[in-house]
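Here the structure comes first, spelled out in structure tokens, and everything after it is commentary.
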């Protein structure tokens, strides 16, 4: 039986997957983190607003409209997941992830 993932765990999983596989196509990310498209978009929007993830223009693959990559701040934060938890807690008080 798996435990329920909280918002922090999901956000961290998204960041780790992007770091290990960047640039990441939206569909691959959605499948990897096992979220609906809409829910994944809510998390990605929040991480973009935090300045940790950037949406990049399509490269050579014209079938993909965009990809996701970590920003330099995202890379720095991933070196210390405890630092990410602190930042996430502070930002989460101000900006709730809207799943509606």
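The values are calculated or read from the model by the stated rules, or taken from the named source; none is laboratory data. Predicted, not measured: the structure shown is a model, and the values here were computed from it. Backbone-built Cβ (ideal geometry, glycine too); neighbour counts: all protein chains shown.
Results for (1) assigned to a loop (DSSP other than H, G, I, E, B); (2) in contact with a strand residue (DSSP E or B) (Cβ under 8 Å, 6 or more places away or on another chain), shown as yes or no for each residue.
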position: 28; (1), (2): no, no
position: 51; (1), (2): yes, no
position: 54; (1), (2): no, yes
position: 65; (1), (2): yes, no
* To do: For residue 40, state whether it is surrounded by 14 or more Cβ atoms within 10 Å (Cβ to Cβ), more than 12 Å from residue 12 (Cα to Cα) and at pLDDT 70 or above.
  => yes
* To do: With respect to residue 17, determine if the residue is touching a strand residue (DSSP E or B) at 6+ places or on another chain (Cβ under 7 Å), at pLDDT 90 or above and surrounded by 14 or more Cβ atoms within 10 Å (Cβ to Cβ).
  => yes
* Select from the stretch 8-26 the residues that are assigned to a helix (DSSP H, G or I) and over 16 Å from residue 78 (Cα atoms) and list them in ascending order. => 26
